[in-house]
Amino acid sequence: MRVLNFRGYYFLSILTIACMFFSVKTYSQSMSFSQAYQQMNSENSSLKASQKMQESQSFKEKAVKGLRYPSVKAFGMGVWFDRSLGIDLNGLRNGLADFVQIPNPNELGDWKMDFNKRAMVFGGVSLEMPLFTGGKINAAIEAERLRSQIAATEFDNVQSALVTQLAERYFMVKLTQEAVIVREKVLKAMQKHLADATKLEEHGMIAPVEKLGAQVAVSEANRELEAIKKDAVLARIALANTLEMDDVPVHLSSEFFLVDNLEDIEYYRSAAVDNYPLLQKIELEKQLAHQGVKVAKSDRLPSVAAFGQTILTHNNPISGLDILYNNNKPWVVGVGVSYSIFEGFKTKNEIKAAKATLETVEYLQDQAISEVKMLVAKLYQDLQKQQEQIANLNVQLELATEFVRVRNRAFSEGFASSSEVVDAEVALSVVELLRLEAHFQYAVELAGLLEVSGMSRNFLEYTN
């Protein structure tokens, strides 16, 4: 008989639970830009609202297609008349009785006839089918299809704008976190400088005012540290709002970056004209305006429709006529034509208005394309400027680091004042913060360039 190894199963279960706990804990403490993007896509309310608008428009598109199908309706009616409709021929009967010398005209019967009952009840089915509408139905269906595409471009636009917003807020948190480290390093350096100044003052190597300057530097460094910590808290709140989270993980794992193989400016201009959601929306609105012209012109054409109707049930309300009597079920079918002969120049002016709307959209499209091309050029040049600034700041950082080392050495040997050491530390922190700011601006402007070019998802490739 085989003996089960419960100890092995127990160990495997513990290992599985530990791995799951570790993965959840790791995710809760760290988040990459790609993970933040996935969180935003699944939870952001603006995206959900845009998706619902797109869904609503898709149902409208399906609904308008029903215009091509026949319309079948059931109807019913109940009527009560104050009197019956009929004809009284008893006078003629009496005259005829006198002519034929019948003493009692009643012997000829009652010549009063009622055509209907006072209570009339009937119900049936009617059908109507458009045969020709001058293009109205086709234009209406095409218009709703274009509106569905517009809703899709609006969703793409919202998504692209949120990627740019996410890049700004994600890397703002990174910027403030790195800035806190820089400010903590400055405070630590100032505290060390104050300790050195205190020892030198005790040995009579520097004047008390030098120590006082070091104390002021410590106070200022502490103030700037507390200020940047407050900025870091606000940055985390902003990122949490974009991600629809209560709080964001402590560590954001995606680092600042530079793109070495950036395409030339014409590539992004061409991509923007073809892919930018707002330009795509304007193109669709121009096509929609074309459909508006078609609808206006269709009023000059006749409308043709087939129809039919039958009464399925009634209470035999009409006597003497074989219509609603003896439980018969009358029906009728036919074709109707309607044509507007004169409506006070309404159709003519509506056509002019539709054409004016089309021309307006065309002018706006030309202007929008020019503006987008200019925006691409600005963002592309700003990217180049930031990249050049980062390269320059890297050189300045080496110089500022060496300058701090030299000033600290000179101060310890009595060849430099306290203010000179403080100035060197401040200059180093300024360079470090400027470099962080340049990296932040580079990331945001790259996201903006990709948004305008219709390639926002490509931003994720650079953050991995």
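Mind ranking 245-257, 419-431 by how tightly packed they are, going by the mean number of other C-beta atoms within 10 angstrom, highest first? Let's see the in-between values first.
Details: 245-257: 15.1, 419-431: 20.2.
Top of the packing list down: 419-431, 245-257.
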Just need log10 I(q)/I(0) for the range 118-255 at q = 0.12, 0.21, 0.22 Å⁻¹, Debye formula, equal scatterers on the alpha-carbon atoms, no solvent, rounded to two decimals. -0.76, -1.16, -1.20
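Once you have the Kirkwood Rh of the range 342-464 from its Cα pairs, apply Stokes-Einstein at 4 °C and 1.567 mPa s and quote D in µm²/s. The partial results should precede the final answer.
On the way: Rh = 19.4 Å.
D, rounded to a whole number, is 67 µm²/s.
If you roll a 1.4 Å probe over the heavy atoms of the protein chains, what accessible area per residue do you get for the range 300-442, in Å²? Show your work: numbers first, answer last.
On the way: 8880 Å² over 143 residues.
Solvent-accessible surface per residue comes out at 62 Å².
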Under 18 Å between alpha carbons, and skipping anything fewer than 8 positions from LYS230 in its own chain: which lysines qualify? LYS174, LYS185
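To the nearest 0.05, how large is the calculated FRET efficiency for ILE102 and SER56 if R₀ is 60 Å and r is the Cβ-Cβ distance? It would help to have the intermediate numbers written out before the result.
On the way: r = 80 Å, r/R0 = 1.34.
For R0 = 60 Å, the calculated efficiency reads 0.15.
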Using a 1.4 Å probe, what is the accessible area per residue for the range 92-248, in Å²? 54
FRET efficiency estimate (nearest 0.05) - Cβ-Cβ, VAL125 to ILE87, R0 30 angstrom: 0.35
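Hey, what does the equivalent ellipsoid look like for the chain, semi-axes from the Cα gyration tensor as sqrt of 5 times each eigenvalue, largest first, whole Å? Walk me through the intermediate numbers first.
Details: eigenvalues 1546, 196, 93 Å².
Value: 88, 31, 22 Å, ordered largest first.
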For LYS378 and GLN309 in the same chain, what is the full-extension length gain: residue separation times 0.36 nm, less their Cα-Cα distance, in nm? 18.1 nm
At a probe radius of 1.4 Å, what is the per-residue accessible area of ARG236, in Å² to the nearest 10? 50
By DSSP, what percent of the beta bridges with both residues in the chain are antiparallel, rounded to the nearest 5? 95
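How big is the C-alpha Rg of the range 49-110 next to the rule-of-thumb value 2.2 N^0.38 Å, as a ratio? Mind dumping the intermediate values first?
Working: Rg = 32.2 Å, N = 62, 2.2 N^0.38 = 10.6 Å.
For the range 49-110, the normalised Cα radius of gyration is 3.05.
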Where Lys and Arg each count +1 and Asp and Glu each count -1, what net charge lies around SER453 among other residues with Cβ under 10 Å from its Cβ? -2
Expected unfolding gain across SER370-VAL216 under the 0.36 nm per residue rule, minus the alpha-carbon gap, is 50.0 nm
Rounded to the nearest 10 degrees, the helix 418-452 long axis (Cα) sits at an angle to the longest Cα principal axis of the chain of 20
For the range 376-425, which semi-axes, largest first and in whole Å, follow from the square roots of 5 times the eigenvalues of its Cα gyration tensor? 37, 9, 4
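What length, rounded to one decimal in nm, is gained on full extension from ALA74 through to THR401, with 0.36 nm per residue of separation minus their alpha-carbon distance? Let's see the in-between values first.
On the way: separation 327, 0.36 × 327 = 117.72 nm, distance 8.88 nm.
Extra length available between ALA74 and THR401 comes to 108.8 nm.
Exceeding 20 Å between C-alpha atoms, which entries from my cross-link table qualify? They are LYS281/LYS352; LYS136/LYS355; LYS136/LYS348; LYS73/LYS136. Present the calculation step by step, with values, prior to reporting the outcome.
Details: LYS281/LYS352 23 Å; LYS136/LYS355 17 Å; LYS136/LYS348 16 Å; LYS73/LYS136 22 Å.
The answer is LYS281/LYS352; LYS73/LYS136.
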Area accessible to solvent at ASP264, 1.4 Å probe radius, in Å²: 80
What does the helix-only formula give at 222 nm for the chain: each DSSP H stretch with n ≥ 4 adding -39500 (n - 2.57), the total divided by the residues, and the result rounded to the nearest 500 deg cm²/dmol? -24000 deg cm²/dmol
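The values are calculated or read from the model by the stated rules, or taken from the named source; none is laboratory data. Note that the structure is a prediction, hence the values are computed from the model and not measured. Cβ coordinates were reconstructed from backbone atoms using ideal geometry, including for glycine residues, and neighbour counts include every protein chain displayed. When the accessible area is computed, the model is the full protein with side chains, heavy atoms only, and any ligands, DNA or RNA have been set aside. Shrake-Rupley method; radii C 1.70, N 1.55, O 1.52, S 1.80 Å.
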